[in-house]
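The values are calculated or read from the model by the stated rules, or taken from the named source; none is laboratory data. None of these values were measured; they are calculated from a predicted model. Here the Cβ is made from the backbone with ideal geometry for all residues, glycine too, and neighbour counts use every protein chain on show.
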């Protein structure tokens with residue numbers, strides 16, 4: 001049986017000066033495969049692999065959006 005996962009990029013806008021601390025805060029959470037502070041419209045980009053859409057939704061709402069300094073997120077699911 002093939003175990004499928006939901007893969008997504010989460011683009012995160014944060015308060016001024018908070019990009020590195022937000023990236024660090026979510027970097028060691030289960031499901032986060034990669035996270036970087038970046039330049040441009042978004043301040044942090046995270047790549048996630050989770051079991052299903054419910055897990056992805058819960059992760060973004062409960063782990064990323066509640067991180068100190070996060071202002072807005074945009075999730076792009078890999079198709």
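Data overview
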{"read-out": "Residue in the stretch 49-62 that is modelled with pLDDT of 95 or more, under 11 Å from residue 22 (Cβ atoms) and within 11 Å of the chain's Cα centre (by Cα) present", "value": "no"}
{"read-out": "Filter result (farther than 16 Å from residue 76 by Cβ, exposed (fewer than 15 other Cβ atoms within 10 Å of the Cβ) and touching a residue at least 24 places away in the same chain (Cβ under 8 Å)) within the stretch 14-54", "value": "15, 29, 51, 52"}
{"read-out": "Per-region count, the stretch 6-31, residues farther than 17 Å from residue 58 by Cα, part of a helix (DSSP H, G or I) and in contact with a strand residue (DSSP E or B) (Cβ under 7 Å, 6 or more places away or on another chain)", "value": "4"}
{"read-out": "Residues located in the stretch 69-78, provided they are outside any strand (DSSP E or B) and either surrounded by 13 or more Cβ atoms within 10 Å (Cβ to Cβ) or at pLDDT below 95 (or both)", "value": "69"}
